[in-house]
Amino acid sequence: MQYRCGWGGLTWKKMRCVCAAMVGLLVVLLNAGWLAAEEPDKRQRFAGKKVLWVDSYHAGGYEWTAGIERGIRKALRGTGVQVRILRMNTKWDLSENSKQHAGLKAKQAIDAWRPDVVIASDDNAARYLVVPYLKNTSLPVVFCGINWDASPYGFPCSNVTGMIEVEPVETLVAHLRRFAKGERLGYLSADTVSERKVVDVYNRRFFSGSMKSYLARDFDHFKELFLRAQNEVDMIYIANYSDMPGWDSRKVEDFLVRHVRKPTGSRLAYMERFVTFTVAKVPEEQGEYAAKTALKILGGISPDAIPVVANELASLTINLKMAKASGIVLPVSTLQVASKVIGQEAYR
C-alpha cells in the first residue's frame, strides 16, 4: 500500500527519494561554501611574496619577450605575488661594457627591492646578472629562454633551475628540403649575441658546419644579405629580426614577395608573414613554466630539487602568399597537417 501526502501527490517512497536528494544537495552546497570560504586564503597564500622578472631585452616591439610576459602574468594572476619587471635592454647594444653595466644595475635593483625569487629570461640575463652576482647564493633564480644548453653558465646549481629553449630545427628543415633544389642551407637573422650562439649550435649539432650564416645589422643590410643568399644557397632559414633598426614589416613583406625564389622558413610565430613555413616555439610556454616554478619555490621546494627542462610546444604555419611568390605548389597533405594556413588572399 502506498500512502499519499498532501505534497504534490508524492508517495512516501518518492518523498524519501526527494528528501535524500535534497540532503545530498545540501551537503554539496555546504561543501561548496566551505571551499568558497577557503578559496580567498588559497589565493592569498603568496600574498606579500615578491618575484622580480629580469628581461634581457626591452618592452615594446619584440614579440618573443611579450609572449614570455604573457605567460608569467597568466601563471601569477590571482596568487597574491607582487611582480616587478626589470629590462636590461641588451638586444642591440653589443658593447661588453654596457652589458656588464646592465647586469650591475639589475643587481642593485635586486638589493633594493629584495625579491623572494628572480626570473631571468634569455642568455644575457644569465651571463651578466645571474652568473656574476646570484649563482650559488641564497636567492632562488628561475631562468627561461636560454638557447639550447645552460651548462656553460653552470646551471643547474644549488639555487638556479629553469627551462632551456630548444628549436624544432630538423622538422623545419625537412619541410624546406621537400621543395629545395639542393642541400645548401642559409641562416639569415639579426646580428645579436643570441643569434650568433644559435648559428654555432646549429652547425655543431645538425649541419656539421655546412650552414652558411647571414647576420644583418639593419634592414638595408638584411636586404643585401637576402639577395646574396638567394644566389648562394638552396633554402633560407629567416630566423629573427629582433626589433632590427629600420625594420618595417610591410616593407619587408613587399620586398620578400618581389624577390623570394627559394623555400623559406622560421622558428618564430611573429615571422610567419615573411616565410613559407613556420615551425614555431611558443614563448608563453617559457614564461608560464618559469612563473609556476617560482610558485613551487615559494611553496617550499628547493630549486635544486627541480630539474632543468626543455620546451615542448610547437606549431606549423603555412603562408600561401610566400609559397606562391617562391613558385612552390603545396600538396593538400601538407596543408592538412598545418596548425594554421595564412596568405590565402594571394589566390583570390
Hull volume in cubic angstrom per residue (convex hull over the Cα atoms of the range 67-151): 108
Mean projected area in nm² (Cα convex hull; one quarter of hull surface) for the range 239-348: 9.5
Surrounding net charge for Ala269, when Lys and Arg each add one and Asp and Glu each subtract one, Cβ distance under 11 Å: +1
Computed P(r) (all Cα pairs; the range 286-348; 10 Å bins; percent): 17, 31, 13, 18, 16, 5
Most positive-pole-ward Cα, Gln230, Gly103, Leu320, against dipole of the chain from beta carbon charges: Leu320
Net charge over other residues, Cβ less than 10 angstrom from the Cβ of Leu330 (K, R count +1; D, E count -1): +2
Residue-averaged 222 nm ellipticity for the chain, from DSSP H runs of 4+ at -39500 (n - 2.57), nearest 500: -13000 deg cm²/dmol
Cα gyration tensor, the range 152-234 - rounded (a/c under 1.5), prolate or oblate: oblate
Nonlocal amide H pairs with Tyr57, under 5 Å, H built at 1.01 Å: Met88, Asn89, Thr90
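For a test of the definition: using alpha carbon positions, the gyration tensor, and the 1.5 limit on a/c, classify the range 90-197 as rounded, prolate or oblate.
Judged from the Cα gyration tensor, the range 90-197 comes out prolate (a/c at least 1.5, a/b above b/c).
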Cα gyration tensor category, rounded, prolate or oblate, for the chain with a/c compared to 1.5: oblate
The range 185-235 versus the range 89-132: alpha-carbon centroid distance in Å: 27
Ranked list, fewest to most other Cβ atoms within 10 Å of each Cβ, for Met211, Met235: Met211, Met235
HN-Hα J in Hz across the range 77-86 - Karplus 6.51, -1.76, 1.60, θ = phi - 60°, x for Gly and Pro: 4, x, 8, x, 6, 7, 10, 10, 10, 10
Inter-probe distance in nm under a simple model that places probes 7 Å from Cα toward Cβ, at Ser95 and Gln108: 1.7
Phi-based couplings in Hz for the range 276-290 (Karplus 6.51, -1.76, 1.60; Gly and Pro marked x): 7, 10, 10, 10, 9, 6, 10, x, 4, 4, 4, x, 5, 4, 4
Subset of Lys91/Lys281; Lys50/Lys197; Lys107/Lys292; Lys74/Lys324 violating a 29 Å alpha-carbon distance limit: Lys50/Lys197; Lys74/Lys324
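Every read-out reported here was derived from the displayed coordinates using simple, explicitly stated rules and does not represent laboratory data. Everything numeric in this text was worked out from a predicted model, so none of it was measured. Don't worry about glycine lacking a Cβ; one is built from the backbone with ideal geometry, like all the others, and counts go over all protein chains shown.
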